[in-house]
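The values are calculated or read from the model by the stated rules, or taken from the named source; none is laboratory data. Note that the structure is a prediction, hence the values are computed from the model and not measured. Methodologically, a virtual Cβ is constructed for each residue, glycine included, from the backbone with ideal geometry; neighbour enumeration extends over all protein chains shown.
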Amino acid sequence: MYQGNYLASTLRRASLGRERAVFLTDHQTGRSMSYGDFFANAERMANALVALGVTPGDRVAVQTPKTVAMLELYIGCVLAGAVFLPLNPAYTAAEISYFLDDARPTLFVCDPAKHSSLDPVAASCGVTHILDLSPEETGSLIAARDAQNAGFEAVDRAPLDLAAILYTSGTTGRSKGAMLTHRALASNSLTLRDHWRFTSDDVLIHALPIFHTHGLFVATNITLMAGGALHFMQGFDPQAIIDTMPRATALMGVPTFYTRLLDTPGLADASKGMRLFVSGSAPLLAETHVRWAETTGHGILERYGMTETNMNTSNPYDGERRAGTVGFALPGVELKVCDADGSPLPQGEIGTLEVRGDNVFAGYWQMPEKTAEELREDGFFITGDLGKIDEDGYVHIVGRGKDLIITGGFNVYPKEIESLIDDIPEVLESAVIGVPHADFGEAVIAIVVPQRGLSLDIDKLKTQCSHELAKFKQPKQIILLEELPRNTMGKVQKNALRETYRALFS
Ligand code: AMP
């Protein structure tokens, strides 16, 4: 089925002939939806797209709250050969204007609450159609879907045709549209399905957003390709997740999910029957890994990926899931630690991670210079992440290249200092950044969050750092905060911290 459409046929294969099997249970309504019904709705969506004049290669931009209908639209786009372009619901009208102007979609779907304010924005960007979709699954997109019949002959799409554009979070400069091909999405999810042993018996708790690679591609595509089921939640609610665990087998989350779940009663009992906990999108503290194992008996399986590359590495399913590492390159992915010229560094040295494989994107939408800067001619993508490979082959991420601190001419890798501080029992977590300093260029400072209810002695912390770190690595100032600023994917926003403490030494 859907033969000729590379991704759609891969997504459908496992559920063919199992039309009544449950694909998804909506946590909000308790309603279950079968594979047959889900794909019938996706086909209606595809018919609606064609009726609107969406042709293969056209972009369909979507900024709506998380709903099942948004997933139907995603698959509808794949079937119709359109390019799905999900956007973070938190973006303002000014930000949306940038994305629509850049991507020039034929159709834009938004939240009805924002329809009137975004209408002129969309019109000024040449968008032909604007429809809406509410959190309750009402709106003109639903009307357009329901006016159509199921049944759709999937548009032929080759492996290198585009399936989606995902904009990077753009913490440095303009956000870039990563062009993801049918092959990149299909191959990566198939690899992960097998690597993490997903089958039709799995029920995955889906509490991640679906405008991002983690919730949209990793979680959803793997489940479809395994013929398993999703327990679909609109947002992250630790108690609801714990209540659901006895009826589920797997959870995919960002590290914040795991730290918050550890603080929620009932975890130990509820997690007994679970098969797998996966973490990614931001570094998981080694301490969280250890506490999770002590509480639940499960080792969290940490993996590493990014918008441009899908998933690159994973800890093993069998074998040691090593805390503080992201495991090994996935089958079909080549990974090397390089200097600035792309030459591999000796094992154990820190350098920039470069990756190559079918999982890697096709370039940035309409930014050939940016693409040429980051994607080498031989196919290796310069991730911008700094890392090393230990003696057993496990990959360690030590931070983003732009977070590297250069103080008095010396390189300081924040992760090294953060790990040391995080090991202190009274510390929950920390972020080490560089701020402008007249003498040193940059000065190392540490922002530290104490464990809830414990008091932290800054002098003791300073002494500890002075015992274990070379002078140039020791934080010149330690600041206590109640929590670190994070984005929706749980990433600590070091940019925001650098901005806040920019004038500390001036
Ligand atoms: P995004 O494109 O939003 O998915 O962000 C990708 C970035 O998140 C990567 O380049 C890494 O810097 C970071 N990241 C993802 N997974 C991990 C992980 N397991 N450990 C450390 N950093 C991670």
- [ ] Quick one: which residue in A122, A113 is more than 28 Å from Y2 (Cβ to Cβ) and touching a His at 6+ places or on another chain (Cβ under 9 Å)?
- [x] A122
Open item on the list: Being within 16 Å of the ligand (Cβ to nearest atom) and either surrounded by 21 or more Cβ atoms within 10 Å (Cβ to Cβ) or among the charged types (D, E, K, R) (or both) is the filter here; which residues of segment 286-300 pass it?
Closed with: E287, T288, H289, W292, I300
- [ ] Collect the residues in segment 403-418 that are β-branched (V, I, T) and either in a helix (DSSP H, G or I) or over 12 Å from E442 (Cα atoms) (or both), keeping them in residue-number order.
- [x] I417
- [ ] Output the residues belonging to segment 79-132 that are β-branched (V, I, T), more than 25 Å from P368 (Cα to Cα), under 26 Å from the mean Cα position of the chain (by Cα) and surrounded by 16 or more Cβ atoms within 10 Å (Cβ to Cβ).
- [x] V109
TODO: Take segment 357-371 and flag every residue that is of a type in the set (D, E) and over 23 Å from the mean Cα position of the chain (by Cα).
DONE: E369
Open item on the list: If the requirement is being out of contact with any Phe, Trp or Tyr (no Cβ under 6 Å at 6 or more places or on another chain), aromatic (F, W, Y) and outside any strand (DSSP E or B), which of these qualifies: F277, F361?
Closed with: F361
Task: Sole residue being more than 25 Å from the chain's Cα centre (by Cα) and farther than 30 Å from Y501 by Cα, chosen from E354, E377, E426 - done: E377
TODO: Would you mention how many residues in segment 272-284 are under 28 Å from G357 (Cα atoms) and either among the aromatic types (F, W, Y) or more than 9 Å from the ligand (Cβ to nearest atom) (or both)?
DONE: 3
Open item on the list: Just checking: which of the strands (runs of 3 or more DSSP E) contained wholly in segment 110-198 hold 1 or more residues that are within 16 Å of the ligand (Cβ to nearest atom)?
Closed with: 162-167, 177-181
TODO: For segment 471-491, name all the residues that are in contact (Cβ under 8 Å) with a residue 12 or more places away in the chain and over 30 Å from the mean Cα position of the chain (by Cα).
DONE: F472, K473, Q474, P475, K476, Q477, I478
Task: Selected residue [closer than 19 Å to I205 by Cα and hydrophobic (A, V, I, L, M, F, W, C)] from A42, A21 - done: A21
Task: Those residues of segment 205-235 which are out of contact with any His (no Cβ under 7 Å at 6 or more places or on another chain) and among the aliphatic types (A, V, I, L, M), in sequence order - done: A207, I210, L216, V218, I222, L224, M225, A226, A229
Task: Residue in segment 380-400 that is at pLDDT 95 or above, part of a helix (DSSP H, G or I) and away from the ligand (no atom under 12 Å from the Cβ) present - done: no
Task: Which listed residue, of I241, I222, I210, is closer than 17 Å to S15 by Cβ and either β-branched (V, I, T) or assigned to a strand (DSSP E or B) (or both) - done: I222
Task: Number of the exception - E416 against (1) surrounded by fewer than 15 Cβ atoms within 10 Å (Cβ to Cβ); (2) modelled with pLDDT under 95 - done: (1)
Task: Leading residue by the ranking (nearest to H437 (Cα to Cα)) among those in segment 475-496 that are more than 16 Å from the ligand (Cβ to nearest atom) and in contact with a Leu (Cβ under 8 Å, 6 or more places away or on another chain) - done: Q477
Open item on the list: I'd like the full set of residues that are in contact with an Asp or Glu (Cβ under 8 Å, 6 or more places away or on another chain) and under 15 Å from G139 (Cβ atoms), limited to segment 77-113.
Closed with: P89, L107, V109, C110, D111, P112
